[in-house]
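Bear in mind that the values in this text are calculations on the coordinates, not laboratory data. What you see is a predicted model; the values in this text were computed from it and never measured. Here Cβ is always computed from backbone atoms with ideal geometry, including for glycine, and neighbour counts include all displayed protein chains.
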Amino acid sequence: MGIVEARGLTRVYDGLVAVDHIDLDVEEGEIFGFLGPNGAGKTTTIKMLTTLLRPTEGEARICGYDVIRQPSQVRRVIGVVFQDPALDDRLTGWENLDFHARLYGLGKREREERIEEVLRLVDLSEWADELVENYSGGMRRRLEIARGLIHWPKVLFLDEPTLGLDVQTRRAIWEYILALNKREGVTVFLTTHYMEEADYLSHRVAIIDHGRILAVDEPRNLKDMIGGDVVIVGCSDPRPLAEELRRQSWVKGVEAHGGELSIYVDHGEKKIPEIIMVAERLGVSVDSVLLRKPTLEDVYLRFTGRRIREEAADAVEKMRNRAMRRWRR
Amino acid sequence: MNSAEIQAIYVMWLRHVKRFVRARSRLIANVIQPFFFLAFLGMGLRPINFPGLPSGLVYLDFLTPGMIAMSVIFSSMFAGLSVIWDRQFGFLKETLIAPVSRISIVIGKTLGGSTVALIQGIVILIAGMLLGARISIPGTIPAFIFMLLIAFFAVGLGLSIAVTLKDPDVFSLIMNLLMMPLIFLSTAFFPLESVSDWLRTIMYLNPLTYLVDGLRGFLIGSSSIPLVVDLSVALGLCASTTVLGAYMFSRSEA
């Protein structure tokens, strides 16, 4: 039985199906990536799993607790970092964590120890007594991740944990996520529309679009579905080399474009020496070799027929930033 | 009610009070308007003898309880505004997702909002006394309790309105369009006895009339309506808006 389980989970907003009969089985201890463009239904799914929204249809269980019938048991075993920041700017980092710890019923001693522990985990110990309004975007996100962990949740939900952060900060957040998964042993359910993020962090990835799950597997297996690697060879005399390669059992296909050959194989890095040996036997000189591994982007393209809607996501981010600025006045 | 719920009530209260203490500009903004009314109207109209003003009292004595009620009501209603801010900032989700009952969260918010309102009311009370208003000292103790009732009523009302709104500007608009006329049409600024019959009818229909009048009864020992009536109305209002606020809040989705 999965630690997060959903069967036919559905949410309809005013006739619009945001999440359409999805099934999920997240295993204990894994980092499960929920990959899809904005508006695919990721946040709605998280809201249903975390008891903030009632499913229109279907059911979901966290650690065996039903999200509809046992919301308070569910709330006790989950930590959530929302897509939009959910900190109190007027309180210090430490006070934000203390607020959370008290809401979750931790005793005084427990609170103090745990707050220090999670602050250390995200390297914010020195900033504990600073008002959150003086924190940078990355620090806020780290503080939220720390807060989500305070009450020793079994599952940590991270909704777009690096949205709106710059590249270095994003990398840093990734390392914190890997560290907490390892050190705290907490199962992580994260949504993202960043391919590299899903690829780098997740043990398994579910691709969601228009409220439906299109594929679930390890990133590597998903990429293998695309049909392996492409080795692109530039050489003096492509035609005989292409003919000879087509006769090899390990070659899935060869295409010639001008002076270059695209050779489709599994485990491309291991096949490069063999390709060169074939070329040498024929007396063809190889000028260049390029190995291209399929990315999740290719997988996504294959399943949806589209590139992920990055532009749309950027537009949403801009709007969010504008709204935040308005708020900071 | 177990200790986790009490803890939750406490922490909601604590947050509200801490935020208030840190936002000094808000304290000043909330207190300044009733203070100016008190200082300028109270001093300016001092020589005028209002019809219906109890004998031996000057306008400042009459106005002080009205301005205390006004500042308590406004400050309490702004506890509702904090819900909208929390929704905008996303912090509301943090409280909605906690494993405690919504009722505890509402109780904590109500107590927090009322504490702040009481402090502001006391600031106006002291200001009134410094300006020369004659306040019954033994009356202040029941007056504090009455101020709390007013605060509970206004926090509940503010919450009920705020839960249905997303835009803080709309909330401010409602405050100005709804609460200002209600304040002016209560007995905060002028006595019931001084107005024409039709206006008096409106004032009798206005719930704030009873809140202001009751507070005045305790503070200066003179009320136009029997204190029992004022107190009953206050208790009824307070119970109904608190229940309404709790109900509305418990149904809200993030």
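Return yes when B:G217 is at positive phi and more than 14 Å from every other protein chain (Cβ to nearest Cβ) and no when it is not. For B:G217, the condition - at positive phi and more than 14 Å from every other protein chain (Cβ to nearest Cβ) - is not met.
Is there a residue being over 22 Å from B:L38 (Cα atoms) and without any contact (Cβ under 8 Å) to a residue 60 or more places away in the chain anywhere in the stretch B:173-183? Yes, some residue in the stretch B:173-183 is over 22 Å from B:L38 (Cα atoms) and without any contact (Cβ under 8 Å) to a residue 60 or more places away in the chain. Got at least one residue in the stretch A:213-228 being within 22 Å of A:N38 (Cβ to Cβ), of a type outside the set (A, V, I, L, M, F, W, C) and assigned to a strand (DSSP E or B)? No, that holds for no residue.
Looking only at residues that are among the basic types (K, R) and part of a loop (DSSP other than H, G, I, E, B) in the stretch A:229-267, which one is surrounded by the most Cβ atoms within 10 Å (Cβ to Cβ)? Even if it seems obvious, please write down each step before you answer.
Residues of the stretch A:229-267 among the basic types (K, R): A:239, A:246-247, A:252.
Now narrow it down to the ones that are part of a loop (DSSP other than H, G, I, E, B): A:247, A:252.
Working: A:R247: 8, A:K252: 14.
The residue in question is A:K252.
If you go through the stretch A:6-23 and keep only what is buried (at least 20 other Cβ atoms within 10 Å of the Cβ) and either in a loop (DSSP other than H, G, I, E, B) or within 19 Å of the chain's Cα centre (by Cα) (or both), you end up with A:A6, A:V19, A:I22.
Considering every residue within the stretch B:115-134, establish whether at least one is surrounded by 22 or more Cβ atoms within 10 Å (Cβ to Cβ) and within 14 Å of chain A (Cβ to nearest Cβ). Yes, the stretch B:115-134 contains at least one residue that is surrounded by 22 or more Cβ atoms within 10 Å (Cβ to Cβ) and within 14 Å of chain A (Cβ to nearest Cβ). Condition check for A:G64 on (1) under 25 Å from the mean Cα position of the chain (by Cα); (2) under 26 Å from A:L24 (Cα atoms); (3) surrounded by fewer than 22 Cβ atoms within 10 Å (Cβ to Cβ); (4) without any contact (Cβ under 8 Å) to a residue 24 or more places away in the chain: one failure, at (4). Being within 14 Å of another protein chain (Cβ to nearest Cβ) and surrounded by fewer than 24 Cβ atoms within 10 Å (Cβ to Cβ) is a description that does not apply to B:L173. Here A:N134 passes the criteria (1) surrounded by fewer than 21 Cβ atoms within 10 Å (Cβ to Cβ); (2) touching a strand residue (DSSP E or B) at 6+ places or on another chain (Cβ under 8 Å); (3) within 14 Å of chain B (Cβ to nearest Cβ) except the one numbered (2). When the stretch A:41-96 is filtered for residues that are of a type in the set (D, E) and in contact with a helix residue (DSSP H, G or I) (Cβ under 8 Å, 6 or more places away or on another chain), the ones remaining, listed by number, are A:D66, A:D84, A:D88, A:D89, A:E95.
Among the residues of the stretch A:83-91, at least one is over 12 Å from B:E94 (Cα atoms) and of a type in the set (D, E, K, R).
No other residue among A:K42, A:K47 is free of Cβ contacts under 8 Å to residues at least 40 places away in the same chain, under 20 Å from the mean Cα position of the chain (by Cα) and on the phi < 0 side of the Ramachandran plot apart from A:K47.
Quick check, is A:G185 surrounded by fewer than 15 Cβ atoms within 10 Å (Cβ to Cβ), part of a loop (DSSP other than H, G, I, E, B) and not aromatic (F, W, Y)?
Working: surrounded by fewer than 15 Cβ atoms within 10 Å (Cβ to Cβ): yes; part of a loop (DSSP other than H, G, I, E, B): yes; not aromatic (F, W, Y): yes.
Against the criterion (surrounded by fewer than 15 Cβ atoms within 10 Å (Cβ to Cβ), part of a loop (DSSP other than H, G, I, E, B) and not aromatic (F, W, Y)), A:G185 qualifies.
Residues that are of a type in the set (G, A, S) and in contact with a helix residue (DSSP H, G or I) (Cβ under 6 Å, 6 or more places away or on another chain): list the helices (runs of 4 or more DSSP H) wholly contained in the stretch B:147-221 that include at least 1 such residues.
Values: elements: B:168-174, B:180-184, B:197-205, B:207-220.
Answer list for the stretch B:147-221: B:207-220.
Against the numbered list (1) touching a residue at least 12 places away in the same chain (Cβ under 8 Å); (2) over 23 Å from the mean Cα position of the chain (by Cα); (3) within 14 Å of chain A (Cβ to nearest Cβ); (4) part of a helix (DSSP H, G or I), B:V83 comes up short only at (2). Out of curiosity, is A:V122 surrounded by 20 or more Cβ atoms within 10 Å (Cβ to Cβ), more than 24 Å from B:L96 (Cα to Cα) and more than 14 Å from chain B (Cβ to nearest Cβ)? For A:V122, the condition - surrounded by 20 or more Cβ atoms within 10 Å (Cβ to Cβ), more than 24 Å from B:L96 (Cα to Cα) and more than 14 Å from chain B (Cβ to nearest Cβ) - is met.
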